[in-house]
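As C-alpha cells, the structure follows; a few thoughts come after it.
A short reminder: the numbers here are calculations on the coordinates, not readings from a lab. Computed from a predicted structure; not experimentally measured. Quick reminder, even Gly has a Cβ in these numbers, built from the backbone with ideal geometry, and neighbours come from all protein chains shown.
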Amino acid sequence: MKIDIFNHVMPLPYLDMMKQHLKDQGILKRMSNLRMLWDIEARVQMLDDKFPDVQQVLTLSLPSPELVGGPELSPELARIANDGMAGMVAKWPKKFPAFVASLPMNNVPAALEEMDRAIGKLGARGVQICTSVNGRALDEPEFFPVFERAVKKHDVPIWMHPARPANRPDYTGEPKSKYEIWQVLGWPFETSVAMSRLVFSAFFEKLPTMRLITHHCGAMIPFFSGRAETLWAQLGSRSADENYEELLKSMKKKPIDYFKMFYADTVLGGSASALRCGLDFFGADKVVFASDCPFDPEGGPMFIREGIRSVEELKLSAADKRKIYFGNALKLLKMPERGKPKKSSRRTRP
C-alpha cells in the first residue's frame, strides 16, 4: 500500500466560482485544461488501471480561497471546496481515504469556524495553508490562532503549499516574473522562507506538538542545510538594526534542529538524488510519500510513477520504505492500517 498524501483536486463547483471571480487568467487556463484535477471519475479510473495499490489523501489545488476572493467571499469558497472533497471521500473511500480542509486565511474568524466544521462534521484529517496569505507572512500574530486551533484543539497535521504569483518580478524594476521562474524556483524559495519565519518566531516552542508537512521535501533547506546551520549559528553578526544575538541565545535548540521538526513529502519530480538529500536531513520518520498529481506533463500518472521509482532507486530498507509509503501517513492521519481491525478491549475466554 502507498498513501499519496499531497496531491490535488478541484471540485467542479469551486472551478465554476473561479471562472466567475479569479482575475489571473494564466492559472484559470492551467486548471481548466487539466482534466484529472476536476474530472474525479477519470482520476479514479487512472488509479484503478495504473496504481491499484495507491490511495490519495485529497487537498485542494491552488488557488486557495483567499487567492480567489476577498474576506467576504473566501469563506463560501472554502465551504464549497471542503464539501466537494468530503463528497469524493464518501463516494470513493477505497481510493480517497481522507481529505484535508481548505481555509479562508484572509478571514481568520471564518477560518477557525470552517476548520471546526470541516474536521468536526465532514471528517477532514488536517488543514492546508499556503506559505503566505496574499503575500503576508504566516508568523504575523493575526494568523497564529489558526495554527493553535489545529494543534491544540484538533491535533491534526498542517499541509503547507507554496504560493508565489506570476506578477511578483524576478528583479526589482520589472513588471512580472519571466519564464515561469515564479513557480519553478519561486515556490521552493517561498516554502523555505515560510519555514524559516516559523522557526525564528518560535512556533515549535509555542506549539511543540505541531506537525507541519512541507511540499517538495522541505524545498531548499535539505540541500542548503550546511549553509543554513553554519550561517544561522552566527545570527546577528550581519545585522546592525536587529538584536538577533539575543534571539539566538534564547532558542532552546540550534536553529537547524528546529527545521528537522518539519515533515517533508517526496514531491521532487522523480529525482532520487534530491530525495536522498531530503531523507538524510529529515530522516525516514519524517518523510511521506506524495505525488503532486495531476500536475505533470502526462496530466496525472507520471509523478506517481516517477515518485515510486525514486523511492525504489534508493534501495532503502523494507522498514524505511514502509514508513515512507504509508506508515508515517497513517500516524499523521491517525488512521488504522488497511485490513487490520482495531484492537478490541474485550477479553475472550480461553
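Couplings 3J(HN,Hα) of the range 280-288, computed from phi: 4, 7, 8, x, 5, 6, 10, 10, 10 Hz, in residue order, whole Hz [Karplus 6.51 cos²θ - 1.76 cosθ + 1.60, θ = phi - 60°; x for Gly and Pro]. Candidate cross-link partners of residue 178 among the aspartates and glutamates, defined by an alpha-carbon separation under 18 Å and a same-chain spacing of 8 or more, comprise 24, 170, 190. Of all lysines in the structure, those lying under 21 Å Cα to Cα from residue 2, and not within fewer than 8 positions of it along the same chain, are 50, 91, 94, 95, 286, 315, 321, 323, 331, 334, 340, 342. Compared with the alpha-carbon gap, the fully stretched path from residue 134 to residue 312 is longer by 60.3 nm at 0.36 nm per residue.
For residue 212, the residues whose amide H sits under 5 Å from its own are 158, 263, ignoring neighbours fewer than 5 places away on the same chain, with H placed 1.01 Å from N.
Dividing the summed -39500 (n - 2.57) terms of all DSSP H runs of n ≥ 4 by the residue count of the chain sets its mean residue ellipticity at 222 nm at -12000 deg cm²/dmol.
Both radii are taken from the alpha-carbon atoms of the range 150-272; with Rh as the Kirkwood radius, Rg/Rh is 1.00.
Counting Lys and Arg as +1 and Asp and Glu as -1 over every other residue whose Cβ lies under 14 Å from the Cβ of residue 82, the net charge comes to -1.
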